[in-house]
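A.B. asks: This is the structure, below, for whatever I ask next.
The values are calculated or read from the model by the stated rules, or taken from the named source; none is laboratory data. Model, not experiment: these values are computed from the prediction. A quick note on method: Cβ atoms are made from the backbone with ideal geometry, for glycine too, and the neighbour counts reach across all protein chains shown.
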Amino acid sequence: MKRLFTLLGVLLLLAACTNEDSSGGREEGEDSSQESSASSLTVKPAKLSKREQSIVNQMGIDFKTFYTVDGKVEEGESLVTSIVVYKDGDGGKEEFISLGGGDEQEHFNKALHSFQLYMEEEVAHFTMGSPDGFGKGSTIMPDELGAFIFEQLEEEVTITKGETVYLAYLIGSSESQMSSVNHSDVKTLPESVKKAEYAVVAQLELKDNLEEKK
């Protein structure tokens, strides 16, 4: 557990260093009469510096992905970050959710975010990091899992209202070997993930804020 807390601290340090020249929060004082445009965010894999990559490598994270978010979320809409866990085609269970935006327009300026998995026997610990902090949780894994595949976002993608981007997912199987999953369409979750013995999926969505409050 001490190792996990140390890891979280280092991840926050990385986010602070990468975003020190970014304005990743809410902007105030904008002209209310200005014509509003639709929410749109560009999400792409982050390029860590050699020093940042060295720090990450030394922390022993089992699976991780770093990505940047650039653009804006309009007032009344939310950027929803969530972790969904699938077990034997059960349709998925939401294990974590975080909302950004809502009452005010929110701007992201290449803000660094992350998703990490730290594996222990029968337990997968996950962390979602952002310039504002982190959220974490854990899920119980089936005992018989013997092989894993981790797929992540590899190219830039634009997300608009009503769309979902699947940032990364871990698939576990009781088989000794697994075939790689085609992650070329990051706005569609493969059926093989939905029907996997065990899968942890990190995803982003743009929704109406009222929809999330229901």
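A.B. asks: Which members of the range 123-135 meet the condition of being surrounded by fewer than 17 Cβ atoms within 10 Å (Cβ to Cβ) and part of a strand (DSSP E or B)? Outline the logic, then answer.
C.D. replies: We begin by selecting, within the range 123-135, every residue surrounded by fewer than 17 Cβ atoms within 10 Å (Cβ to Cβ); these are 123, 132-133, 135.
Result: VAL123, GLY133, GLY135.
A.B. asks: Sticking with this one: Could you grab me the full set of residues in the range 48-105 that are in a loop (DSSP other than H, G, I, E, B) and closer than 30 Å to ILE140 by Cα?
C.D. replies: Listed by number, the residues that qualify are MET59, GLY60, ILE61, ASP62, LYS87, ASP88, GLY89, ASP90, GLY91, GLY92.
A.B. asks: Among the candidates HIS107, HIS113, single out the residue that is surrounded by fewer than 21 Cβ atoms within 10 Å (Cβ to Cβ) and either of a type outside the set (Val, Ile, Thr) or touching a His at 6+ places or on another chain (Cβ under 6 Å) (or both).
C.D. replies: Details: HIS113 fails: surrounded by fewer than 21 Cβ atoms within 10 Å (Cβ to Cβ).
Checking each option against the conditions leaves just HIS107.
A.B. asks: LYS110 - would you say it is at positive phi, assigned to a strand (DSSP E or B) and either at pLDDT 90 or above or touching a strand residue (DSSP E or B) at 6+ places or on another chain (Cβ under 6 Å) (or both)? Please lay out each step first, then the result.
C.D. replies: Values: at positive phi: yes; assigned to a strand (DSSP E or B): yes; either at pLDDT 90 or above or touching a strand residue (DSSP E or B) at 6+ places or on another chain (Cβ under 6 Å) (or both): yes.
Criteria met by LYS110.
A.B. asks: Further question: Would you be able to tell me the number of residues in the range 93-104 that are within 20 Å of ILE171 (Cβ to Cβ) and buried (at least 17 other Cβ atoms within 10 Å of the Cβ)?
C.D. replies: Matching residues across the range 93-104 total 1.
To keep it simple, each residue is scored yes or no on (1) closer than 15 Å to ALA168 by Cβ; (2) among the small types (Gly, Ala, Ser); (3) touching an Asp or Glu at 6+ places or on another chain (Cβ under 7 Å).
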{"residue": "GLU52", "(1), (2), (3)": "no, no, no"}
{"residue": "THR68", "(1), (2), (3)": "yes, no, no"}
{"residue": "GLY89", "(1), (2), (3)": "no, yes, no"}
{"residue": "HIS107", "(1), (2), (3)": "no, no, yes"}
{"residue": "TYR118", "(1), (2), (3)": "yes, no, yes"}
{"residue": "ASP132", "(1), (2), (3)": "no, no, no"}
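A.B. asks: For the range 120-156, give me each residue that is aliphatic (A, V, I, L, M) and free of Cβ contacts under 8 Å to residues at least 60 places away in the same chain.
C.D. replies: Taking the range 120-156 and keeping what is aliphatic (A, V, I, L, M), we get 123-124, 128, 140-141, 145, 147, 149, 153.
Matches in the range 120-156: VAL123, ILE140, MET141, LEU145, ALA147, ILE149.
A.B. asks: Filter the range 135-169 for residues that are of a type in the set (D, E, K, R) and within 16 Å of THR81 (Cα to Cα) and give the result.
C.D. replies: Residues of the range 135-169 of a type in the set (D, E, K, R): 136, 143-144, 151, 154-156, 161, 163.
If the condition is that a residue be of a type in the set (D, E, K, R) and within 16 Å of THR81 (Cα to Cα), then LYS136, LYS161, GLU163 are the ones that fit.
A.B. asks: With respect to THR81, is the statement that it is without any contact (Cβ under 8 Å) to a residue 60 or more places away in the chain, surrounded by 15 or more Cβ atoms within 10 Å (Cβ to Cβ) and not small (Gly, Ala, Ser) true? Step through it out loud before you land on a result.
C.D. replies: On the way: without any contact (Cβ under 8 Å) to a residue 60 or more places away in the chain: no; surrounded by 15 or more Cβ atoms within 10 Å (Cβ to Cβ): yes; not small (Gly, Ala, Ser): yes.
Considered against the rule, which asks whether it is without any contact (Cβ under 8 Å) to a residue 60 or more places away in the chain, surrounded by 15 or more Cβ atoms within 10 Å (Cβ to Cβ) and not small (Gly, Ala, Ser), THR81 comes out as no.
A.B. asks: Looking at LYS72, LYS110, LYS161, LYS136, which is the one that is closer than 29 Å to ASN209 by Cβ, charged (D, E, K, R) and within 12 Å of the chain's Cα centre (by Cα)?
C.D. replies: Working: LYS72 fails: within 12 Å of the chain's Cα centre (by Cα); LYS110 fails: within 12 Å of the chain's Cα centre (by Cα); LYS161 fails: within 12 Å of the chain's Cα centre (by Cα).
Being closer than 29 Å to ASN209 by Cβ, charged (D, E, K, R) and within 12 Å of the chain's Cα centre (by Cα) holds for just one of LYS72, LYS110, LYS161, LYS136, which is LYS136.
A.B. asks: Here is a follow-up. Provide a single number: the residues in the range 105-119 that are touching a helix residue (DSSP H, G or I) at 6+ places or on another chain (Cβ under 9 Å) and closer than 15 Å to THR158 by Cα.
C.D. replies: Keep residues of the range 105-119 that are touching a helix residue (DSSP H, G or I) at 6+ places or on another chain (Cβ under 9 Å), which gives 110-114, 116, 118.
The next check asks that each one be closer than 15 Å to THR158 by Cα; those that pass are 110-111.
Of the residues in that region, 2 qualify.
A.B. asks: Tell me which residues, restricted to the range 157-186, are of a type in the set (D, E, K, R) and in contact with a Ser or Thr (Cβ under 6 Å, 6 or more places away or on another chain). Steps first, please.
C.D. replies: First pass over the range 157-186, keeping only residues of a type in the set (D, E, K, R): 161, 163, 175, 185.
Listed by number, the list holds a single entry, LYS161.
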